[in-house]
Amino acid sequence: MSGLNMIEVRTEEMVLNMGPHHPSTHGVLRLVLTLDGEIIRSCSPVIGYLHRGMEKLAENRTFVQYPGIIDRYEYLTAMFTGVLYSMSAEKIAGIEVPEKAVWMRMIMMELNRIASHLFWLGTYMLDLGANGLLFYALREREMILNLFEEVCGARLLYSYACVGGVRFPNSPTFEKHCREFLKLFPDRIKDYEAIVTDNPVFLERVDGVGVFDRQACLDYGVSGPPLRSVGVKKDLRKDNPSLFYDQVAFDVPIGTRGDTLDRYLLRIEEMRQSVRIIEQCLDRMPAEGAYKAKVPAVIKVPPGEVYFALESPRGELGAYMVTNNADKCYRLKLRCPSYNHTQFLPVAIVGQKVSDVMAIFGSLDVILPEVDR
Amino acid sequence: MSDEDKKATPEAGTEAGPTRDAPTGDAPTGDAGPITEAGSTKEATVAAAPAPAPAVPKAPAKPAAPPLELSPAGKALADAVAGLGFDLGEARPDSWGNPTFEVAPDRLVDLGTALKAKLGLSYLACLAPLDWPDRWEVAYHLYDFERKTWLALKTRIPKDQVQIPSVTPLWPAANWYEREGYDMYGVEFAGHPHLARLLMSDDWQTFPLRKDHPMDLEGGY
């Protein structure tokens, strides 16, 4: 009896460095976790490993040069970043973009949204330990990349949008190939859902895991699918429509539970809605017409400022641009959804199990180059 | 390349001050204040249409800035903010119709508290410091879920002073934005819980986004 009492069990909190090269961080992120057994007591993200000085470069590169750089800022949604930068400058300078270019931008952005969600789907399943779906998801993403390649010759960093319109005219076969993809894709989404959505192993990992608090999401500036999963209907395509988003019909799905499963379901549904949008864009895009406004070779933007934002696959992708009658920005602040999401991460995971960190972090769809800029 | 960059940066900076100084006044007519030759024509066309604009001497291909006006939602929000009784003057629209208010640094937290409590603006979308030749400026962008628009607050401090009250206790999202502001500009947000470098390494000495910071440091880091 007394022998048993002599065994003293000593417990202490353990500090665990997750990253910077953890395979599931989708970039270079270090999480300093304090663990009490399996439970996370505190978390502090360390970022900056991929800092490339995007905002400084914006002040030192002209409006013609910079669209080629801003693609690198968020390489999974390079169509969005290019359109964001170009439209900010167009807003200040009052440049009218030809109708055809606007429809092309929308088509490209929505295709990019599907591609980004597909890549998220594949890698997220990888994070959860399901290797198979990545190959299916990338198979369809490949079709989209082929479409991009057909239009602008690049598969990842497009330099497609430029101030005044888009850089390349449509290829003659683009519409045909795009419609083929749109015809086939909804069935493929059904395939993913058949593999994943009702899979008990998957549900065990995500159902009821990482439930976000609505007010905390608002306080930390969370946007995109994570914000909609807690029931806040904020989609800038509906609320602050730019381009021709007010002329196309689509639905914004919102979640009710705010858990990881909701965020998965929202992204799946968003892909379906994107297909709807692209179909309408193709129907309404004029066959003829200019794809680029007449802008001078050296673009000078008059003094002004604008906060402009687009609904990227990750959330509110904003740019605060200040110009000063020069061929460069005076200041460009990039507002990245992933930045806020990474900041929000400690709030989301404290009190959860360490095995759920990647399930929750993955569901935020953070991409680190965007955080560090 | 480095030569060119070094030259370009201060040049853009000196041009900036007076031109940007003007539109920050409350009345739109204040736009025609002290003006450099580069900005004069543009400012005149923006500010007052009836005023005879001086002839454009060079670069006729330059696009003219469109007249700025508040969006309907922005106007509703600006009216609501004016109703709080802070005497902020007229709201200035930005190029997307969002209202911008100028606020003194010592009233920033009071105004933010009122905005959050009375108008429900708890969503800080963006926070960006700016380096003007004569002052620091910090721009806050808040999203209004009710009226579906952004509200910009701007506060400015003189160049020799780098202290500005922190809004992190009010909007937790400001935490990293303020740390980044300190990291990149050296602006100190007084009252921030943990004002340390964020993107640059901890032992970094310079503030890279300042306008006088060269694009490449001689002799490496």
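Between A:106, A:143, A:87, the GNM of chain A built on Cα springs shorter than 10 angstrom shows A:143 fluctuating the most. Evaluating 6.51 cos²θ - 1.76 cosθ + 1.60 at θ = phi - 60° for every residue in region B:89-96, the Karplus couplings come out as x, 6, 7, 9, x, 9, 6, 10 Hz, glycine and proline recorded as x. Across region B:82-221, Cα pairs under 8 Å and at least six residues apart give a relative contact order of 18 percent.
How much accessible area per residue does region A:132-197 have, in Å², with a 1.4 Å probe? Working shown, then result.
Details: 3030 Å² over 66 residues.
Roughly 46 Å² per residue, with all protein chains present.
Rounded, prolate or oblate: which one fits region A:144-273, using the alpha carbon gyration tensor with axes a ≥ b ≥ c (rounded when a/c is under 1.5, else prolate when a/b beats b/c, else oblate)? Here region A:144-273 falls in the oblate category.
Remark: mean inter-chain Cβ contacts per residue of A:225-231 equal 0, using a 10 Å Cβ-Cβ cutoff to other protein chain atoms.
Which whole-number value in Å³ per residue fits the convex hull of the alpha carbons of region A:331-373? Could you put the intermediate results ahead of the total?
Values: hull volume 2.6 nm³, N = 43.
Once divided by residue count, the hull of region A:331-373 is 62 Å³.
Solvent-accessible surface (1.4 Å probe) assigned to residue A:158 amounts to roughly 10 Å².
A simple count of charges around residue A:268, restricted to other residues whose Cβ falls under 12 Å of its Cβ and scoring Lys, Arg +1 and Asp, Glu -1, yields 0. Projected label points at residue A:75 and residue A:52, each 7 Å from Cα along the beta carbon direction, are separated by 0.7 nanometres. Couplings 3J(HN,Hα) for region B:97-110, derived from phi with the Karplus relation 6.51 cos²θ - 1.76 cosθ + 1.60 (θ = phi - 60°), are x, 7, x, 10, 10, 8, 9, 6, x, 6, 9, 4, 5, 4 Hz, where x marks Gly and Pro.
Under 15 Å of direct C-alpha separation, and excluding same-chain neighbours fewer than eight residues apart, residue B:159 reaches these aspartates and glutamates: B:21, B:131, B:134, B:137, B:188, B:212. Working from label points 7 Å from Cα in the Cα-to-Cβ sense, the residue A:191 to residue B:190 distance is 6.3 nm. Quick one: net charge of residue A:77's neighbours, Cβ under 15 Å, K/R +1, D/E -1? So the environment of residue A:77 carries a net charge of +2.
Residues of region B:86-105 falling in the label zone of residue A:246, defined by backbone nitrogen less than 19 Å from a point 7 Å along Cα to beta-carbon, are B:93-99. Against chain A, whose longest principal axis is taken from its Cα atoms, helix A:133-152 shows a tilt of about 20°. Counting heavy atoms of the protein chains alone, residue B:96 has an accessible area of about 50 Å² for a 1.4 Å probe.
Computed over chain A with a Gaussian network model linking Cα atoms closer than 10 Å, the most mobile of A:29, A:156, A:111 is A:156.
Could you work out, residue by residue across B:118-131, how many beta carbons of other chains sit within 10 Å of that residue's beta carbon, and then give the average as an integer? Intermediate results must be reported in sequence, preceding the final value.
Working: counts 0, 0, 1, 1, 4, 11, 5, 9, 13, 4, 12, 2, 6, 3.
Partner-chain Cβ atoms within 10 Å, mean over residues of B:118-131: 5.
Solvent exposure of region B:66-175, expressed per residue, is 36 Å² of accessible area, with all protein chains present and a 1.4 angstrom probe. Where is the GNM fluctuation largest for chain A (alpha-carbon springs, 10 angstrom cutoff): A:215, A:343, A:273? Maximum among the listed residues: A:215. Largest accessible area first, the residues A:52, A:373, A:61 order themselves as A:52, A:61, A:373 under a 1.4 Å probe with ligands, DNA and RNA left out.
Near the amide H of residue A:31, within less than 5 Å, lie the amide hydrogens of A:18, A:19, A:46, all on another chain or at least 5 residues away, with H placed in the peptide plane.
Which of A:294/B:211; A:238/B:116; A:333/B:154; A:238/B:148; B:75/B:154 have a Cα-Cα distance over 20 Å?
Numbers: A:294/B:211 32 Å; A:238/B:116 24 Å; A:333/B:154 14 Å; A:238/B:148 10 Å; B:75/B:154 17 Å.
In this structure, A:294/B:211; A:238/B:116 exceed 20 Å between Cα atoms.
Counting only protein heavy atoms and a probe of 1.4 Å, the accessible surface of region A:332-373 is 54% carbon and sulfur.
Measuring only protein heavy atoms, the 1.4 Å probe finds residue A:233 accessible over about 110 Å². Once the C-beta distance of residue A:276 and residue A:215 is scaled by a Förster radius of 22 Å, the resulting FRET efficiency is 0.10 to the nearest 0.05.
What's the local net charge at residue A:139, with K and R +1, D and E -1, over the other residues with C-beta under 15 Å away?
Numbers: positive: A:141, A:155, A:188, A:190; negative: A:140, A:142, A:180, A:187, A:191.
After counting each charged neighbour, the total is -1.
In percent, rounded to a whole number, the relative contact order of region A:243-309 is 30, using alpha-carbon pairs under 8 Å and six or more apart. Taken across both chains, chains B and A shield about 5100 Å² of accessible surface from a 1.4 Å probe. Straight-line reach from residue A:234: taking Cα to Cα under 14 Å and skipping same-chain neighbours fewer than 8 places apart, the aspartates and glutamates in range are A:251, A:270, A:311, A:316, B:144, B:146. Label separation (residue B:84 vs residue A:135): 5.7 nm, computed from points 7 Å beyond Cα along the C-beta direction.
Within 10 Å of each Cβ in A:317-324, how many Cβ atoms from other chains are there, averaged over the peptide?
Working: counts 0, 6, 2, 10, 3, 8, 3, 10.
Taking the mean over all residues of the peptide, I get 5.
If the only charges are +1 at each Lys and Arg Cβ and -1 at each Asp and Glu Cβ, what is the size of the charge dipole of the protein assembly as shown around the Cα centre, to the nearest 20 debye? Intermediate results must be reported in sequence, preceding the final value.
Numbers: 64 positive and 80 negative charges, 200 e Å.
Magnitude of the dipole: close to 960 debye.
Rg and Dmax over the alpha-carbon atoms of region B:91-221 stand at 15.5, 54 Å. When the Cα atoms of chain A are aligned to their principal axes, the ranges along those axes come out at 91, 47, 33 Å in descending order. Helix A:260-284 axis versus longest C-alpha principal axis of chain A: approximately 10°, rounded to the nearest ten.
With every protein chain in place and a 1.4 angstrom probe, the accessible-area ranking of A:91, A:190, B:211, A:238, largest first, reads A:190, A:238, A:91, B:211.
Let's test the formula: R0 of 35 Å, r as the Cβ-Cβ distance of residue A:198 and residue A:171. What FRET efficiency results, to the nearest 0.05? Walk me through the intermediate numbers first.
On the way: r = 40 Å, r/R0 = 1.14.
The calculated FRET efficiency here is 0.30.
Computing the accessible area with a 1.4 Å probe over protein heavy atoms, can you report the carbon and sulfur percentage for region A:35-166? So the carbon and sulfur contribution to the accessible surface is 55 percent. Using alpha carbons only, how many degrees (0 to 90, rounded to 10) separate the axis of helix A:337-349 from the longest principal axis of chain A? Value to nearest ten degrees: 10.
The values are calculated or read from the model by the stated rules, or taken from the named source; none is laboratory data. Note that this is a predicted model, so its numbers are computed, not measured. Quick reminder, even Gly has a Cβ in these numbers, built from the backbone with ideal geometry, and neighbours come from all protein chains shown. For accessibility, only protein heavy atoms count, side chains too; no ligands or nucleic acids. Shrake-Rupley method; radii C 1.70, N 1.55, O 1.52, S 1.80 Å.
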